[in-house]
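Chemist: Next up is a structure, given as structure tokens.
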Amino acid sequence: MPSRPQAYYWVQFGLIAIGCAMLEMQKMGTKERVSMPQNFISFRNGYLFVYSLMMAGDWLQGPYVYALYQHYGYSTGDIGKLFIAGFGSSMIFGTVVGSMADKYGRKNAALTYVVTYIASCITKHWSDYGVLMLGRFFGGIATSLLFTAFESWLVSEHFKRGYEAEWLDKTFAKAIFLGNGLVSIVSGLLANYLVTDMSLGPVAPFDAAAVFLAVGGVVILFTWSENKGDGSEHTSVQQGMKQAYDAIRNDKKVFYLGAMQSLFEASMYSFVFLWTPALGPNGEDIPHGMIFATMMVACMVGSSVASRIMSRPDMKVERYMQIVFLASAASLFVPVVVKFFGMGQGVPGGPITFEGKVQMLGFLVFEAMVGVFWPSMMKMRSQYVPEEVRSTVMNFFRIPLNLFVCVILYNVALFPLSAMFAMCTLFLVLAAMLQQRLEVLSTAAGPKFTALGVKA
């Protein structure tokens, strides 16, 4: 039987999980409007299997990154600098690795992701600050590859094989449901089990992540075909970057899309750092893996809702995303409100406070919006961003994204957490304003590029 504090988290987890299950059961009861051939289903399932393994390798680390650094005795300011190392390396190398993926192959980029992330996991066995910094450096490179190479490989391979464009949306939705939903939930529970129930320590989830990454790497090596951005062996990385820059400069829709993504992800990655100290500001004993799993269930709910909305031909992504950004802003403003009315004094090693529970409700709403964001953003990228430079374009916008996050984390020890959340709120409000501009442009002219990167 779980203790009373643990029971609270299980009840919260169960209620949201029931809601998610109901949404998925309703979706399963609805017949597919389009009949899909078996070869496409096999292709899709193969990709989803690999993507799920890659995401498991990422999600297993999430609950205990901050907690591991605390375990090694580092302060909030020191931990902030470690996070900066990850985001900084992603900022510096992100554009280059994206262009190289377009030039030298997305399969090679995916394998590079596996190697660098495993190396990052191995470094967690040392408490030395320099070694941990090196691990964050590798992790930043891996993150850039995770959110560019795999999506670019899928889009290119999908159209190379002659599959219908509308089927791609369904693959995106399933990828988010599995990789950013179901897998993340199981990863959080597994991480909590390894650390709490098996008492293996906070480094155990990183070892498990390395195993999943290795298995996925073997599957990629032996089953994936290679594809490149433009099919030309003579296009240099510099030329690829110039093409991406021209696509951004010449099409305001691509610019707005990238800027929105940067603002939202800046808030999201700041939240990755901020949620642990926000829920346990006085050293309260909180089950990181359990809380993480609950937030991922909320994300899965958002993914299910997004899937239902995107299947409606009368619902434009550009319109409802404004609501997503504003709801996200309101949810991350909750810690600011809590701070204004006075923060409760928790006990080191004690349970989460009432104020912490209120903040957690806001965080669950934010995670639900994250679940809507990912498939919706994937769909818009497939509409507006040329396929041959997609990886490079996406990583161009990781430069301001990581700059935003680095500024926030560098000053995390100088300002209260509420100020950090207020900054995230501002980013999300700006994203909503840009989304409104994108809707106006898309309504007036439609997408400049098709999914194949050809001008309409």
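The values are calculated or read from the model by the stated rules, or taken from the named source; none is laboratory data. Owing to the predicted nature of the structure, the values given are computational and were not obtained by experimental measurement. Reconstructed Cβ throughout: ideal geometry from the backbone, glycine too, with neighbour counts over all protein chains shown.
Chemist: Can you name every residue in the range 402-417 that is buried (at least 18 other Cβ atoms within 10 Å of the Cβ) and either among the aromatic types (Phe, Trp, Tyr) or not in a loop (DSSP other than H, G, I, E, B) (or both)?
Modeler: Scanning the range 402-417 gives ASN402, PHE404, VAL405, CYS406, ILE408, LEU409, LEU417.
Chemist: Inspect all residues belonging to the range 48-66 and state whether any of them is at pLDDT 90 or above, in contact with a Lys or Arg (Cβ under 7 Å, 6 or more places away or on another chain) and surrounded by fewer than 20 Cβ atoms within 10 Å (Cβ to Cβ).
Modeler: yes
Chemist: Taking MET28, is it farther than 17 Å from ILE309 by Cα and modelled with pLDDT under 80?
Modeler: So MET28 fails the test.
Chemist: So which of ASP314, ASP285 is charged (D, E, K, R), out of contact with any Ser or Thr (no Cβ under 8 Å at 6 or more places or on another chain), touching a residue at least 40 places away in the same chain (Cβ under 8 Å) and farther than 21 Å from VAL334 by Cα?
Modeler: ASP285
Chemist: How many residues does the range 111-161 hold that are acidic (Asp, Glu) and at pLDDT 85 or above?
Modeler: Qualifying residue count for the region: 2.
Chemist: Which members of the range 195-214 meet the condition of being of a type in the set (A, V, I, L, M), surrounded by fewer than 22 Cβ atoms within 10 Å (Cβ to Cβ) and over 21 Å from the mean Cα position of the chain (by Cα)?
Modeler: Residues satisfying the conditions are MET198, LEU200, VAL203, ALA204.
Chemist: Here are VAL97, VAL131: which of them is crowded, with 21+ Cβ neighbours inside 10 Å and assigned to a helix (DSSP H, G or I)?
Modeler: Exactly one residue qualifies, and that residue is VAL97.
Chemist: Return yes when THR392 is β-branched (Val, Ile, Thr), modelled with pLDDT under 90, touching a Gly at 6+ places or on another chain (Cβ under 9 Å) and more than 29 Å from LEU15 (Cα to Cα) and no when it is not.
Modeler: Yes.
Chemist: Right, something else. Does the range 170-191 contain at least one residue that is hydrophobic (A, V, I, L, M, F, W, C) and farther than 26 Å from SER303 by Cα?
Modeler: no
Chemist: In the range 417-446, how many are at pLDDT below 85 and within 25 Å of the chain's Cα centre (by Cα)?
Modeler: Total satisfying the criteria: 0.
Chemist: Filter the range 114-152 down to residues that are of a type in the set (Gly, Ala, Ser) and touching a Ser or Thr at 6+ places or on another chain (Cβ under 7 Å) and give me whichever is farthest from LYS228 (Cα to Cα).
Modeler: Within the range 114-152, the match that is farthest from LYS228 (Cα to Cα) is GLY135.
Chemist: Assigned to a loop (DSSP other than H, G, I, E, B) and surrounded by fewer than 21 Cβ atoms within 10 Å (Cβ to Cβ): does that describe GLY283?
Modeler: Judged against the criteria, GLY283 is a match.
Chemist: A follow-up question, please. Can you work out which of the residues in the range 92-125 that are in contact with a helix residue (DSSP H, G or I) (Cβ under 7 Å, 6 or more places away or on another chain) and among the aromatic types (Phe, Trp, Tyr) is nearest to GLU265 (Cα to Cα)?
Modeler: Among those that are in contact with a helix residue (DSSP H, G or I) (Cβ under 7 Å, 6 or more places away or on another chain) and among the aromatic types (Phe, Trp, Tyr), it is PHE93.
Chemist: Here's another thing I want to ask about it. Does THR148 satisfy the criteria of being more than 20 Å from VAL211 (Cα to Cα), surrounded by 19 or more Cβ atoms within 10 Å (Cβ to Cβ) and touching a helix residue (DSSP H, G or I) at 6+ places or on another chain (Cβ under 9 Å)?
Modeler: Yes; evaluated as a whole, the condition is true for this residue.
Chemist: Run GLY162 past the list (1) in contact (Cβ under 8 Å) with a residue 24 or more places away in the chain; (2) in a loop (DSSP other than H, G, I, E, B) and report the number of the one that doesn't hold.
Modeler: Going through (1) in contact (Cβ under 8 Å) with a residue 24 or more places away in the chain; (2) in a loop (DSSP other than H, G, I, E, B) one by one, GLY162 breaks only (1).
Chemist: Show the residue pairs that are 6+ apart or on different chains and have beta-carbon atoms under 7 Å apart, the first residue being within the range 319-335 and within 18 Å of GLN436 (Cα to Cα), the second being buried (at least 24 other Cβ atoms within 10 Å of the Cβ) and β-branched (Val, Ile, Thr).
Modeler: VAL324/VAL372
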